[in-house]
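Reviewing the structure listed below.
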Amino acid sequence: MPPTLDAAISSTAERVRLTIYGSFAASGHCASRADIAAELQLDAAEVGSAIDELQTRHHVVLGESGDIVMAHPFSSVNLGFSVMGHDTLWWGGCAWDSFAIPHLVPTEPSVLVATTCPACGTAHAWTVDRDAPPEGDQVAHFLVPAARIWHDVVHTCSNQRIFCSEACVDDWLYRSGNSRGSSFDLATLWRLAEHWYEGRLDTPYERRDPVAAAAYFASVGLHGPFWGTPEIAGAPARE
């Protein structure tokens, strides 16, 4: 029987994981396989095997060429968000990941997150820090339910976006032919991002299991089948 996703990874894979995350956090880019091998004194086969393990266990996302596309909350490709710190510029993998970076990277407690509304193209930018949610009446909309995030994670992240308003969400859904997912305000998005990635720059790192993930979603105000949590009266998420 294969190991569960939340089980510990091998020691070599953990060393490679930490190197990948450290390079993304420090530079906005992922270290190459050759650089990882040189830093950790591993051969190419060992690095390749570790990266395959990390992908299988949902720690990284590989592209068709085998390059690392995502190591949440970091991305090596443009999925609609830029995140500018004092010293580093990142691609944000999605709304969730972009808001998470200042909570995770200790040297960048405040960043400028920029994007455009998928419906009308209006530009938006917010200063996101660790103290409180940014001001703004824009709306986050996530298309893919939590249980299906990893079925096609790049598609999932590409559709975790921020819109001008619910009217723009409705217009985009109509024109794209998609069904409504979950929409919520920036304060809820900030709370979702605040602690989700804690520990990813430390070692050893252990993923949340599905029960812990659902509890986390509920704790930040996200309820219902989309999030795998019970419905409650007055829940802020519109699904």
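Restricting attention to the range 99-117 and to residues that are open to solvent by less than 10 Å² (accessible area, probe 1.4 Å), part of a helix (DSSP H, G or I) and touching a residue at least 60 places away in the same chain (Cβ under 8 Å), the residue that is nearest to Ser82 (Cα to Cα) turns out to be Phe99. The lone criterion from (1) more than 20 Å from Arg161 (Cβ to Cβ); (2) without any contact (Cβ under 8 Å) to a residue 60 or more places away in the chain left unmet by Glu14 is number (2). If the condition is being surrounded by 19 or more Cβ atoms within 10 Å (Cβ to Cβ), in contact (Cβ under 8 Å) with a residue 40 or more places away in the chain and part of a loop (DSSP other than H, G, I, E, B), then the range 118-147 contributes Pro118, Ala119, Gln138.
Here the condition is being within 11 Å of the chain's Cα centre (by Cα) and of a type in the set (Phe, Trp, Tyr); of Phe81, Phe74, it holds for Phe74 alone. Check the range 29-36 and report whether any residue there is open to solvent by 10 Å² or more (accessible area, probe 1.4 Å), at pLDDT 95 or above, in a helix (DSSP H, G or I) and not basic (Lys, Arg). Yes. Taking every residue in the range 208-220 that is under 13 Å from Trp96 (Cβ atoms) and pairing it with any residue that is open to solvent by less than 40 Å² (accessible area, probe 1.4 Å) and not in a helix (DSSP H, G or I), at least 6 positions away or on another chain, the pairs with Cβ-Cβ distances below 7 Å are Phe217/Thr229. Is it the case that Leu54 is surrounded by fewer than 20 Cβ atoms within 10 Å (Cβ to Cβ), within 21 Å of the chain's Cα centre (by Cα) and not in a loop (DSSP other than H, G, I, E, B)? So Leu54 fails the test. Taken over the range 37-48, the criterion of being surrounded by fewer than 18 Cβ atoms within 10 Å (Cβ to Cβ) and either touching a Gly at 6+ places or on another chain (Cβ under 7 Å) or of a type outside the set (D, E, K, R) (or both) is satisfied by Ala38, Leu40, Gln41, Ala44, Ala45, Gly48. Counting only residues that are surrounded by 14 or more Cβ atoms within 10 Å (Cβ to Cβ), outside any loop (DSSP other than H, G, I, E, B) and either on the phi > 0 side of the Ramachandran plot or of a type outside the set (D, E, K, R) (or both), the range 174-199 holds 12 of them. Output yes when any residue across the range 59-67 is touching a residue at least 40 places away in the same chain (Cβ under 8 Å), open to solvent by less than 50 Å² (accessible area, probe 1.4 Å), among the aliphatic types (A, V, I, L, M) and not in a strand (DSSP E or B), and no when none is. Yes, there is a match, as at least one residue in the range 59-67 is touching a residue at least 40 places away in the same chain (Cβ under 8 Å), open to solvent by less than 50 Å² (accessible area, probe 1.4 Å), among the aliphatic types (A, V, I, L, M) and not in a strand (DSSP E or B).
The values are calculated or read from the model by the stated rules, or taken from the named source; none is laboratory data. Because the structure is predicted, anything quoted here is derived from the model rather than measured. A quick note on method: Cβ atoms are made from the backbone with ideal geometry, for glycine too, and the neighbour counts reach across all protein chains shown. Heads up: the accessible areas ignore ligands, DNA and RNA and are worked out on the full protein's heavy atoms, side chains in. Shrake-Rupley method; radii C 1.70, N 1.55, O 1.52, S 1.80 Å.
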